[in-house]
Amino acid sequence: MRLLIMGPPGAGKGTQAEIITKKLGIPHISTGDMFRKAIKDGTAMGKKAKAYIDAGQLVPDDVTVGIVKERLSEADCAEGFLLDGFPRTVPQAEALDDILNELGVKLDKVISLEVPQEIILHRLTGRRICKGCGSSYHISNNPPKVAGKCDKCGGELMQRTDDTEETVASRLRVYEQQTAPLINFYESHHIICHIKGDQPIEQVLQRIGNCLGRDLA
């Protein structure tokens, strides 16, 4: 299956994507992974992206789209994939359609995880990361045994700079501005599934499975 998962920061995309891709035996392709792989492999688009990143500039759409095309053309994507983090805008979605047309395939489903803003703020602002080993905690949902200390290595727990309330609110505003038109775009293609993401992981997964017509349990 060829899938796209989308949703605001903190909606649980990564958790669901990991389970779905293991169950279906397809690669999970995130924007960050694509960039890192292209740069590491020294592909033509990877070199272009590195030049922009090294200069502290945003990577333009044409380079991002080129990296996506390189990645989706690889052998492990022949039987399907799950895209995460791309496209973010309607022009990128149109470019993705062009790539898939060239490859002779199309998206089967778009999974839109939808979570109320107040829940996302609670999820992300309560997240804490160990400075030592990188383990993740949450002050209420998954607290450490000793406040401020990692259970695994005893390291100090910290809040990421992009998990402050002000930064999270800003990221959510950007997502809504970019994504509302994208949802309309995929609704016009009749392939989008709206999934409530503020439920237990197992329930969210079951609803995604129902949408895909697959048993993901």
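The values are calculated or read from the model by the stated rules, or taken from the named source; none is laboratory data. Keep in mind that what you see is a predicted model, and the values were worked out from it rather than measured. Every residue, glycine as well, gets a Cβ built from its backbone with ideal geometry; the counts of neighbours run over all protein chains shown.
A few comments on the model shown:
- Test: residue in the range 116-137 that is within 30 Å of residue 66 (Cα to Cα) and either loosely packed, with under 14 Cβ neighbours inside 10 Å or of a type in the set (S, T, N, Q) (or both): no
- Residues located in the range 207-217, provided they are closer than 16 Å to residue 18 by Cβ, surrounded by 13 or more Cβ atoms within 10 Å (Cβ to Cβ) and free of Cβ contacts under 8 Å to residues at least 40 places away in the same chain: 209
- Test: residue 174 is out of contact with any Leu (no Cβ under 9 Å at 6 or more places or on another chain), free of Cβ contacts under 8 Å to residues at least 60 places away in the same chain, under 14 Å from residue 7 (Cα atoms) and exposed (fewer than 15 other Cβ atoms within 10 Å of the Cβ): yes
Conditions tested, residue by residue: (1) touching a strand residue (DSSP E or B) at 6+ places or on another chain (Cβ under 8 Å); (2) among the acidic types (Asp, Glu).
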residue	(1), (2)
46	no, no
49	no, no
57	no, no
62	no, yes
67	no, no
71	yes, no
78	no, no
85	yes, no
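- Near pairs, Cβ below 6 angstrom, 6+ apart or cross-chain, from the range 58-84 (within 13 Å of residue 34 (Cβ to Cβ)) to any residue that is outside any helix (DSSP H, G or I) and among the hydroxyl-bearing types (Ser, Thr, Tyr): 70/43; 84/30
- Index of the failed condition, residue 65 passing every other in (1) out of contact with any Lys or Arg (no Cβ under 9 Å at 6 or more places or on another chain); (2) not in a helix (DSSP H, G or I): (2)
- Listed conditions (1) over 19 Å from the mean Cα position of the chain (by Cα); (2) modelled with pLDDT of 90 or more are all met by residue 56, apart from (2).
- Every residue from the range 130-161 that is under 21 Å from the mean Cα position of the chain (by Cα), outside any loop (DSSP other than H, G, I, E, B) and in contact (Cβ under 8 Å) with a residue 12 or more places away in the chain: 137, 138
Yes/no matrix, rows are residues, columns are (1) buried (at least 21 other Cβ atoms within 10 Å of the Cβ); (2) at positive phi:
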{"site": "3", "(1), (2)": "yes, no"}
{"site": "6", "(1), (2)": "yes, no"}
{"site": "22", "(1), (2)": "no, no"}
{"site": "31", "(1), (2)": "no, no"}
{"site": "42", "(1), (2)": "no, yes"}
{"site": "45", "(1), (2)": "yes, no"}
{"site": "68", "(1), (2)": "yes, no"}
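- Exclusive hit being in a strand (DSSP E or B) and either on the phi < 0 side of the Ramachandran plot or of a type outside the set (D, E, K, R) (or both), set 121, 107, 83: 83
- Hits in the range 178-188 (condition: modelled with pLDDT of 90 or more and either touching a Phe, Trp or Tyr at 6+ places or on another chain (Cβ under 7 Å) or loosely packed, with under 14 Cβ neighbours inside 10 Å (or both)): 181, 184, 187, 188
- Just one of the listed residues (54, 98) is surrounded by fewer than 13 Cβ atoms within 10 Å (Cβ to Cβ), of a type in the set (Asp, Glu), without any contact (Cβ under 8 Å) to a residue 60 or more places away in the chain and closer than 30 Å to residue 210 by Cα, namely 98.
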